[in-house]
1. Determine if the range 71-91 includes at least one residue that is in a loop (DSSP other than H, G, I, E, B), under 17 Å from the mean Cα position of the chain (by Cα), of a type outside the set (Val, Ile, Thr) and surrounded by 14 or more Cβ atoms within 10 Å (Cβ to Cβ).
2. If we scan the range 104-115, do we find a residue that is at pLDDT below 90 and under 22 Å from Gly49 (Cβ atoms)?
3. Being in contact (Cβ under 8 Å) with a residue 24 or more places away in the chain and part of a loop (DSSP other than H, G, I, E, B) is the filter; apply it to the range 92-116 and report the residue that is surrounded by the fewest Cβ atoms within 10 Å (Cβ to Cβ).
4. Counting only residues that are aliphatic (A, V, I, L, M) and farther than 27 Å from Val97 by Cβ, which one in the range 28-50 is nearest to the chain's Cα centre (by Cα)?
5. Consider Asn125 against the criteria (1) loosely packed, with under 15 Cβ neighbours inside 10 Å; (2) in contact with a Ser or Thr (Cβ under 8 Å, 6 or more places away or on another chain): it satisfies all of them except one. Which criterion is unmet?
Amino acid sequence: MNFKNNGPALSLPNGFTLIELVMVIVIIGILAAVAIPKFVDLSAQAKNGATKGALGAMRSAVSIYYASYAANNNGSTRWPQTTADLTSVLQGDSIPVNQVNNLTNVVLTNAIPAATSSTVGWYLNTTNGQVWAANDTSW
């Protein structure tokens with residue numbers, strides 16, 4: 001049998017079919033649905049990490065103040081009693097920013113705060129030198 005085609009030559013279509021494109025879009029959608037929730041919380045985690053780092057700097061400054069006060073006052077000891085006492089030993093003479101609430105103010109107290117605050121950056125206990133971030137006093 002000899003088949004002869006005298007008509008126009010058949011050609012294969014170029015490009016992707018609609019089904020192939022829909023499948024790619026569905027796969028990308030599934031990957032995005034899995035990945036996006038993992039990245040949403042990263043901003044809050046980064047702010048908490050930065051605040052914990054600043055809290056470490058605050059606690060170090062309190063310890064440095066205590067030691068330098070003892071060295072300069074014949075062994076008499078004292079925790080910082082004012083914000084100025086604290087800033088005198090901090091780099092740049094400024095209180096670090098609490099990244100969670102973007103505040104730098106310090107409330108001087110003599111007890112552990114009962115609750116967190118959105119209007120305060122830090123708490124400093126003037127009787128024992130403890131420092132807390134106002135957004136989470138468990139740190």
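The values are calculated or read from the model by the stated rules, or taken from the named source; none is laboratory data. Owing to the predicted nature of the structure, the values given are computational and were not obtained by experimental measurement. So basically every Cβ, Gly included, is an ideal-geometry build from the backbone, and we count neighbours across all protein chains shown.
1. No; the residues of the range 71-91 include none that is in a loop (DSSP other than H, G, I, E, B), under 17 Å from the mean Cα position of the chain (by Cα), of a type outside the set (Val, Ile, Thr) and surrounded by 14 or more Cβ atoms within 10 Å (Cβ to Cβ).
2. Looking through the range 104-115, at least one residue is at pLDDT below 90 and under 22 Å from Gly49 (Cβ atoms).
3. This residue is Ile112.
4. Ranking the qualifying residues of the range 28-50, first place goes to Ile36.
5. (1)
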